Amino acid sequence: MKIRSALPADLPEIAEIHLKGWELAYGAFMPADQLAAMQPERRLPLWQGWLADPKKLILVGSISSGIDGFVLGGPVKDHEITEGNLGGFDCEIYSLHCRAETQGKGLGRALISAAAAEWAAEGRQALMLWAYADNAYRKFYERIGGELIAQGIDDGIPDIAYGWRDLTALSELIETPLTPPSPRKRGEGVVGVEN
């Protein structure tokens, strides 16, 4: 398994994994027009902007060859909270998706762990993310220690926030130790895990 920073050449494949992930996880409850807006060619300019933004972190992972998953994150965004509190969280995962055939093989866990290691090395303390309440895959976050911290609404769809208050512990989720991130600009070099 290999985790590294995303490169511009990775973006079409990331956009395709993003679309397939939305279809798999959200297809049963998300309005069709929102899924239609996820077409990779429409999303590519967004991904290009995120990759160019030094505040954003995009890591990709592979189990054998090619890209099998990604994690996108950065500073905590403003959210419509109906219950709970996001105080004390200083980084957020915006999106995590892995190819269906690789799920259950540890890639999602490795991507979250590598992102946590990156942010811990930058001096950040606590990570949070939002998952749609009807997303069956959100139980994954509970299995890796995510605590329910808030509830909200995203485009009319109920969602739930999970949080981890110890990035160092979260970075140790995987059995293989992480290579400490070297000082670099986003989008350069290889970080994370190789086993």
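Overview of results
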quantity: Selection count, the stretch 107-143, where residues are closer than 26 Å to S65 by Cβ, without any contact (Cβ under 8 Å) to a residue 60 or more places away in the chain and among the hydrophobic types (A, V, I, L, M, F, W, C); calculated: 3
quantity: Number of positions in the stretch 53-77 that are among the small types (G, A, S), in contact (Cβ under 8 Å) with a residue 12 or more places away in the chain and out of contact with any helix residue (DSSP H, G or I) (no Cβ under 6 Å at 6 or more places or on another chain); calculated: 3
quantity: Yes/no for G88 being among the small types (G, A, S), surrounded by fewer than 17 Cβ atoms within 10 Å (Cβ to Cβ) and more than 23 Å from R124 (Cβ to Cβ); calculated: no
quantity: Scan of the stretch 145-184 for residues that are at pLDDT 85 or above, of a type in the set (A, V, I, L, M) and under 16 Å from D78 (Cα atoms), ordered by number; calculated: I149, A150, I160, A161
quantity: Meets criteria (small (G, A, S), within 17 Å of R165 (Cα to Cα) and part of a strand (DSSP E or B)) for G73; calculated: yes
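The values are calculated or read from the model by the stated rules, or taken from the named source; none is laboratory data. All figures in this text were calculated on a predicted structure; none of them were measured in a lab. Every residue, glycine as well, gets a Cβ built from its backbone with ideal geometry; the counts of neighbours run over all protein chains shown.
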